[in-house]
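Report on the structure given below.
None of the figures in this text is laboratory data; all of them are computed from the coordinates on show. Here the structure is a predicted model, which is why all the values come from computation and not from measurement. Cβ: placed from backbone, ideal geometry, glycine included. Neighbour counts: every protein chain shown.
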Amino acid sequence: MRNKWLAAPYVVWMAIFVVAPLVLVVVFAFTGQDGSPTLGNFSNMGTYLPAFEHSFVLAFAATAICILIGYPLAYFLSRERLMVRKVAMMLIMLPMWMNFLLRTYAWMSILEDNGLINQALSAIGFFDLFNAVFGTNIQSFQMINTQGAIVLGMVYNFLPFMVLPIFSVIDKIDPRVVEAAQDLGANGAMVFRKVIFPLSLPGVLSGVTMVFIPSVSTFALSRLLGGGKTLLLGDLIEMQFLGNAYNPHLGSAIALVMMVIVLVMMAIMNRFGEGEEGVAVL
């Protein structure tokens, strides 16, 4: 009984900062501006279906790129010496020690027309060669204010969330399991395909969840790196609460639908992860 009282501060914190905001979102979503119950907020969301599409497509793209980069990186780090691991992990986590906006502003200065990349390409004569070969008059590449820049910002900001869980799972794989597979005649590719990859799937699914959720709900990247040309769900919700189109009831409805979609996807991935983990152990 005494131990239960130790959880009281956590229960109070959850009630104030988690439960109460969720209750307010639900109440606002099902009421109109006059306070009367309504489902009109959900019917009005049809206008913003492109924002849902853009958010999920870009989030899927960023998550896929994080897997392609993060899994090989985590795998090779798990095979390196302890000192190399520590240095690499510090470099991976280093951007996370800076403010999110500062990291984004840094990429803006890198990707803009007079940014570091275009200046470097111009300094080595790349644009002169490109124009001579293709008969163009290009002075810089348009990298900022594009959907590619938004995806790049997502990958840069959320890549550590993919690397760390995968590395943690691979690093904990019992070396005797790998040795047993090799003793049975499995080559390196077969060991990876039959042993390491199945056992690492829980880390992959955890990384997918940790990358996809913040990617689909991000709101600053599209405005800073995309120039506001691509409206994402995070921007749309921000507009309803803080912008000129002030309508917190519609914003709450959009947020509630997004939460339901994300929760369903998380449940599917967790279900799939449990099945894969069982198969791997067997």
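Per DSSP H run of n ≥ 4, the term is -39500 (n - 2.57); total these for the chain, divide by its residue number, and report the mean residue ellipticity at 222 nm rounded to 500 deg cm²/dmol.
Roughly -22500 deg cm²/dmol at 222 nm, from the helical runs in the chain.
Take 130, 52 and order them by how many other Cβ atoms sit within 10 Å, fewest up front. Show your work: numbers first, answer last.
On the way: 130 14, 52 18.
Lowest to highest Cβ neighbour count: 130, 52.
Among 168, 252, rank each residue by its count of other Cβ atoms within 10 Å, from fewest to most, as a rough exposure measure.
168, 252
With unit charges on the beta carbons (Lys and Arg positive, Asp and Glu negative) and the dipole taken about the Cα centre of the chain, which residue among 244, 115, 156 sits farthest to the positive side?
So the residue furthest toward the plus end is 156.
For the stretch 48-281, what's the relative contact order in percent, using C-alpha pairs closer than 8 Å and at least 6 residues apart?
That works out to 27 percent.
Enumerate the lysines that residue 194 could reach by cross-link, defined here as Cα to Cα under 23 Å, with residues fewer than 8 away along the same chain left out.
Candidates past the 8-residue exclusion: 172.
If each residue's Cβ is checked for other Cβ atoms within 10 Å, how do 107, 97 rank with the fewest at the top? Could the numbers behind the result be given before it?
Details: 107 20, 97 8.
Ranking 107, 97 by Cβ neighbours within 10 Å, fewest first, gives 97, 107.
If you average the sequence gap of Cα pairs under 8 Å that are 6 or more apart and divide by the length of the stretch 1-130, what percent do you get for the contact order?
Answer for the stretch 1-130 is 6 percent.
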